[in-house]
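Written out below as C-alpha cells is the structure these notes cover.
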Amino acid sequence: MFHAIPRPMTLRMRELEVRDARDRIDGTPRLDRLRQVPPETGQFLGLLAASAPPGGWIEIGTSAGYSSMWIALACRERDRILTTFEVLASKAVMARETIESAQIGDVVRLVEGDFLNHVDQLGDVAFCFLDAEKEVYESCYDAIVPRLVPGGLLVADNAINHAATLQPLIDRALGDRRVDALVVPIAKGELVCRKL
C-alpha cells in the first residue's frame, strides 16, 4: 500500500504538507488554515482502515483531504468507498481539489455539510476517522458507536494535544463496555476504539 502510492497522490500530499508547515509557522488564525494529521498518522490510519471488517467507511472533518488520501490507499486495497464530511465551504473547495488532483474520486465521496445532519442516512460503520471541532466529538461518538459493526474502528484525533478538552470523552470511551479503547501516542494522539 505505501510502496506504490500513485504519483498524483504523492504530489498532492507534498503540496499539502508544505502548505500545512507554512500555516503552522505563520500561526495566524484563519478558517482556511490547514489542520491536518502528519504523515505518520496518515499511515497509521491507512493501516487501521485496511484491517477494518466489512461495512461503511466515514471521515468526519475532511479539511483539505490529506487524511482522506491515506485512507483512500486502503479503500483501493480493500475495494471500499470513503464518505468524508466537511462543514466549512472553504475547506470543501480544497478537498474537492485534492480529490481531483490526487485522482481518488473513485474511492472518496465528499459530503459538504454537518455530519450530524446526515447520521440517519448511515448504515453499518466499519471504520470512522474523527478529526473535527473538538466540541462535536462527544455527539459524533454517540452517533457512531451504536452503528459500528463488531470489530469496527473509531479513531479520534488530538487525544494528546487536546487532552484537556477531550479528557471526558477519553475517560468515557475507556470505560465504555461496548468498545475496547486506548490512546495511541502517535503525533497528536489517537483515541482508538474497537467495537466488541
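Each value in this text was obtained by applying a stated rule to the coordinates, not by laboratory testing. Note that the coordinates shown come from a computational prediction; the quantities given were computed from them, not determined experimentally. Please note: Cβ atoms are built from the backbone with ideal geometry, for glycine as well, and neighbour counts cover all protein chains shown.
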Report the relative contact order of the stretch 34-87, percent, no decimals, based on alpha-carbon pairs under 8 angstrom and at least 6 residues apart. 43
Restricting everything to alpha-carbon atoms, can you work out Rg to Rh for the stretch 35-91 with a Kirkwood hydrodynamic radius? 0.96
Mean Cβ neighbour count within 10 Å, used as a protection proxy, ranking 67-78, 14-25 highest first: 67-78, 14-25
Just the Cα atoms of the chain, one point each, no solvent: what log10 I(q)/I(0) does Debye give at q = 0.08, 0.10, 0.15 Å⁻¹? -0.23, -0.36, -0.86
Would you mind counting up the charge near residue 186? Only other residues with Cβ under 15 Å from its Cβ, with Lys and Arg at +1 and Asp and Glu at -1. -3
Kirkwood Rh and Cα-based Rg: tell me the resulting Rg over Rh for the stretch 1-76, rounded to two decimals. 1.00
Whole number please: convex hull volume per residue, Cα atoms of the stretch 94-176, in Å³. 125
Just to be sure I understand: of the beta bridges DSSP finds with both ends in the stretch 39-196, what percent are antiparallel, rounded to 5? 35
At q = 0.16, 0.19, 0.30, 0.31 Å⁻¹, what is the base-10 log of I(q)/I(0) for the stretch 58-111 according to the Debye formula with one equal point scatterer per Cα and no solvent? Please give it to two decimals. -0.36, -0.51, -1.23, -1.30
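Give me the net charge for the shell around residue 85: Cβ to Cβ below 15 angstrom, other residues only, Lys and Arg +1, Asp and Glu -1. Provide the component values of the computation, followed by the final result.
Values: positive: 91, 96, 109, 147; negative: 59, 86, 112, 114, 120, 131, 133, 157.
Neighbourhood net charge equals -4.
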